[in-house]
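Heads up: the structure comes next, in structure tokens.
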Amino acid sequence: KNNINNFRFSFDANPNDRTPLINIFDEIANKFNAEITANYTLDGLPDVKFLDAFKRAFSQNSTLLLSPVFADEILRKKYKSFFYSNFQLEQALDYMEKLGINSEIYFSIMPSVDEQENEKSKKYGEYLKGKYKYIKEFYLYPMEIEPASPWTYNPEKYGLKNVKTSFQEYYESDKGITGSFEGEFFSAE
């Protein structure tokens, strides 16, 4: 009997060639017989081979997390490393539904995008959750501008204003968040 119950990973190094991951999934399937629950975050879309291997390797309680970032494909192409259309997303979700693979869908609120786009993403998330019974949830999260990100170095290119540039600015804006500078991990004293 294995001592592993749940495995969470989000390493999607090459969405264009997941052969190494599929090989790992096959080994997991052979060794653990779909007894491990996995939560896997993907950067790109899963293809049929990946989904078949995921289904063989992990338990029915496992979840794939997909992040189209926006409902709007033009914005997705601008901000996402591995672009896919809404049609391609729904094709993948159709196959996941056929296999009974759970999913969660993540959309982002970007500082440089107007509220109408956020509303479109919310409506698209609601539509997808209503269409697919294996979508456990969809989320619309604010995207934090991180130190040393392209947004920080070139805010004008992304239509941003008032970007934090110093450690002190990040400290002041985040110190009230549990698990942040003043939370359980760090102490200012």
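The values are calculated or read from the model by the stated rules, or taken from the named source; none is laboratory data. Keep in mind that what you see is a predicted model, and the values were worked out from it rather than measured. So basically every Cβ, Gly included, is an ideal-geometry build from the backbone, and we count neighbours across all protein chains shown. What goes into the accessible areas is simple: the full protein's heavy atoms, side chains included, and nothing from ligands, DNA or RNA. Shrake-Rupley method; radii C 1.70, N 1.55, O 1.52, S 1.80 Å.
(i) 1.18; (ii) 1.83; (iii) 1.02: which one is Cα Rg over 2.2 N^0.38 Å as calculated from this entry?
The value matching this structure is (i).
With a 10 Å radius around each residue's Cβ, average the other Cβ atoms per peptide and rank 39-47, 65-73, highest first.
Working: 39-47: 18.9, 65-73: 20.7.
Sorting 39-47, 65-73 by mean packing, highest first, produces 65-73, 39-47.
How far is it, in nm, from the label point at residue 77 to the one at residue 91 when both lie 7 Å from their Cα along the line to the Cβ?
So the two model labels end up 1.7 nm from each other.
So which lysines can residue 77 reach, going by Cα to Cα under 21 Å and dropping same-chain residues fewer than 8 places off?
Qualifying lysines at Cα under 21 Å: 120, 122, 123, 157.
How much accessible area per residue does segment 1-123 have, in Å², with a 1.4 Å probe?
On the way: 6510 Å² over 123 residues.
It amounts to 53 Å² per residue over segment 1-123.
Can you return the lysines within cross-link range of residue 49? Criterion is Cα-Cα under 18 Å, with same-chain partners fewer than 8 residues away left out.
Those lysines meeting the cut-off are 98.
Can you list residues whose amide H is under 5 Å from residue 63's amide H, if they're 5+ apart or on another chain and H is modeled 1.01 Å from N?
38, 39, 40
At what distance in nm do the modelled label points of residue 48 and residue 131 sit from each other, each positioned 7 Å from its Cα along Cα→Cβ?
2.0 nm
Report the local net charge at residue 22: Lys and Arg +1, Asp and Glu -1, summed over other residues whose C-beta lies under 9 Å from its C-beta. Can you show the working numbers first?
Details: positive: 18, 49; negative: 26, 52.
Surrounding charge for residue 22 is 0.
According to the square roots a ≥ b ≥ c of the eigenvalues of the Cα gyration tensor, what is the shape class of segment 34-104, taking rounded for a/c under 1.5, prolate for a/b larger than b/c otherwise, and oblate for the remainder? Intermediate values should be presented prior to the final figure.
Details: a/c = 2.60, a/b = 2.04, b/c = 1.27.
Prolate, since a/c reaches 1.5 and a/b exceeds b/c.
Round to a whole angstrom and tell me the spacing of the C-alpha centers of segment 90-112 and segment 27-74.
Using only Cα atoms to place each centre, the spacing works out to 11 Å.
Suppose a student asked you for the relative contact order of segment 1-131, using Cα pairs under 8 Å spaced at least 6 residues apart; what percent would you report?
This gives 23 percent for segment 1-131.
Just to be sure I understand the model, the point goes 7 Å from the Cα along the line to the Cβ. What's the resulting residue 171 to residue 156 distance in nm?
Here the answer is 3.0 nm between the modelled labels.
Which cross-chain or sequence-distant (5 or more) residues have an amide H under 5 Å from the amide H of residue 139, H modelled 1.01 Å from N in plane?
105, 106, 107
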